[in-house]
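Have a look at the structure below before the remarks.
The values are calculated or read from the model by the stated rules, or taken from the named source; none is laboratory data. Only a predicted model underlies this, so the values are computations on that prediction, with no experimental measurement involved. All Cβ positions, glycine included, derive from the backbone under ideal geometry; neighbour counts span all protein chains shown.
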C-alpha cells in the first residue's frame with residue numbers, strides 16, 4: 001500500500017526558512033571576518049602568542065565540542081527555543097567581543113560565541129527537517145541551507161574588509177546584530193516548535209563524558225596541525241579515546257541516551273557521516289592554505305584576496321543548487337561520486353598552478369564538485385533518523401563536517417608545513433622555518449640576501465600548497481570508494497516511495513522508514 005503524500009510546505013514555511021538562513025550565513029561569515037581583523041585587534045590588545053591562538057581557535061574548539069549536546073538538548077527543550085536562546089547569546093557575546101578591553105575578555109566572548117553557534121546550527125537544520133516533510137522540498141531547503149553557508153563564506157571577507165577600512169576591529173563583531181535581532185523578533189511568529197515528546201531527562205554524566213572525549217580530540221588535532229607529532233598531541237588523543245569508550249558504554253545502558261548509537265546501524269547514516277568527514281578533510285587543507293598564498297605569496301591585500309575567493313563560493317552555490325534536481329533522477333552515490341571526480345580535476349590543477357587567476361579558478365572547480373557532499377550528506381544523515389531524533393542527527397552530521405575541517409588542516413597542513421620547511425635554505429634564520437610570515441619578516445631584517453630568502457620562502461610555501469592539493473586528491477578518491485560502497489543502494493530522492501512495515505525481530509533502526517519516505 002502506498003503511503004500518503006507528505007504535506008507540501010507553503011509560504012509560511014518558506015518565509016521561516018529565510019529567517020533560518022540568516023544566522024547560518026553569519027556563522028561562516030564570522031570566520032572570514034576574524035581572519036582579517038586579527039592584525040588590528042592584535043595591535044590594539046597586544047595578546048601573547050598563546051592568547052592570540054586561543055582568540056582564533058576557541059570558537060571552533062567549543063562549537064565542535066558542543067554540537068551533539070546542543071542538538072540533543074534541542075530535541076528535549078524544543079528546537080525553536082534553543083535557536084532563540086543561541087541567537088540571543090550570540091548577539092550578547094558579539095557586543096562583549098566588540099568592546100573587549102583585553103585579550104582575556106575577548107577569549108571569553110569568543111568561547112560564548114562558539115557555544116551559541118553550536119546551539120544555532122543544529123537547530124536550524126532540525127527545524128528545516130520538521131518544516132519540510134515533502135522529500136523534494138526538503139532537499140531544496142537543505143541545498144539553500146548549504147548555499148547560505150557559502151554566501152557567508154564569500155561575503156564575510158568582503159564585508160570585513162569594508163568595515164576595517166572605515167571602523168575599528170570591533171565593528172566586525174557588531175555586524176551580527178542586524179542579523180540576530182530580527183531572528184529574535186520574527187522566529188516566534190514564523191517558526192514552529194518541535195521537541196521529542198518521549199525524550200527523557202538530560203543525562204549530565206553523558207554530557208561530561210562527551211565533552212571529555214571530544215574536546216581533547218579536537219585539541220589534539222589542533223596541536224598536531226600546529227606543532228606536529230609530539231607528547232602533547234598523543235596525551236590529548238589518549239585521554240579523548242579513553243573518555244570516548246566510557247561515553248559509548250554509558251550510552252548503551254541508558255533508556256534515553258545523549259546520542260542514540262543505533263543510528264550508526266544505518267549504512268546510509270554511517271556512509272553520510274564518513275562522506276562528510278573525508279570530503280571536508282580533502283577540501284579544507286587547500287581552502288585553509290589558499291588565502292595565505294594569495295596574501296603572502298602573491299601580495300594581495302586582505303580585501304583583494306577575499307574577492308579572488310569569490311569564484312570558489314560561486315562554485316559552491318552553483319553545485320548546491322544543481323544537486324537536488326540531479327538527486328531526483330540519479331542515485332545519490334552517483335551524484336556524489338561524479339562531484340568528487342570533478343573536484344579531482346580542481347585538485348589536479350592546483351598541484352601545478354601559480355599566480356592568482358589559476359588557483360582561484362581551480363578552487364571554483366573544487367567547490368563545485370564538493371557541493372553535493374554538503375547537501376546530500378546532510379540530507380541522508382538527517383533522513384536516516386526519526387523525527388524526534390532529527391536534532392541529534394543534524395548535530396552529529398555537523399560534528400563530522402567540523403571535525404573534517406579540523407582534520408583537513410591537521411593532515412594536509414602538516415604535510416604543507418613539512419614541504420615548506422624543506423624548501424628553506426639551511427643558513428636562514430631559525431624562525432624562517434616556522435611560518436611564511438616569519439620568513440618574510442626575517443628577510444626584511446637581513447642586511448643582504450633578504451630578497452633571496454623571501455623568494456625561497458614564497459616558492460617553498462607554493463610547493464607546500466601544491467603538495468597539499470595532491471594529498472587532498474587522495475582523500476577525494478577514498479571518499480569515492482566510501483560513497484560507492486555504503487551509499488550505492490540509496491535510491492534517487494524522488495517522490496515518496498511505498499513504505500514497508502519493519503518487523504520487530506528485524507532489529508532495524510527506527511529511522512529506516514523515515515529514510516525510505518525521504519528517499
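A few notes on this one:
- Residue match in the stretch 94-109 (condition: assigned to a helix (DSSP H, G or I) and either in the same structural domain as residue 332 (by TED's automatic domain parsing) or free of Cβ contacts under 8 Å to residues at least 12 places away in the same chain (or both)): yes
- Meets criteria (surrounded by 19 or more Cβ atoms within 10 Å (Cβ to Cβ), at pLDDT 85 or above and in the same structural domain as residue 351 (by TED's automatic domain parsing)) for residue 309: no
- Residue selection: residue 249 fails the criterion of being surrounded by fewer than 18 Cβ atoms within 10 Å (Cβ to Cβ) and touching a residue at least 24 places away in the same chain (Cβ under 8 Å).
- Count of the stretch 294-312 residues, restricted to those that are in a helix (DSSP H, G or I) and under 21 Å from residue 165 (Cβ atoms), is 11.
- When the residues of the stretch 263-292 are filtered to those that are crowded, with 18+ Cβ neighbours inside 10 Å and farther than 22 Å from residue 407 by Cα, the one that is modelled with the lowest pLDDT is 263.
- The stretch 345-356 - residue that is in a helix (DSSP H, G or I) and touching a residue at least 24 places away in the same chain (Cβ under 8 Å) and, of those, surrounded by the most Cβ atoms within 10 Å (Cβ to Cβ): 347
- Qualifying residue in the stretch 364-384 (condition: more than 20 Å from the chain's Cα centre (by Cα) and surrounded by fewer than 19 Cβ atoms within 10 Å (Cβ to Cβ)): no
- Some residue of the stretch 44-53 being modelled with pLDDT of 75 or more and part of a helix (DSSP H, G or I): yes
- Residues (assigned to a helix (DSSP H, G or I), surrounded by 22 or more Cβ atoms within 10 Å (Cβ to Cβ) and modelled with pLDDT of 75 or more) located in the stretch 148-178: 148, 152, 172, 173
- Failed criterion for residue 342 (all others in (1) buried (at least 18 other Cβ atoms within 10 Å of the Cβ); (2) more than 24 Å from residue 297 (Cα to Cα); (3) in contact (Cβ under 8 Å) with a residue 60 or more places away in the chain hold): (3)
- Any hit, the stretch 319-329, residues being in contact with a helix residue (DSSP H, G or I) (Cβ under 7 Å, 6 or more places away or on another chain), outside the structural domain of residue 221 (by TED's automatic domain parsing) and not in a helix (DSSP H, G or I): yes
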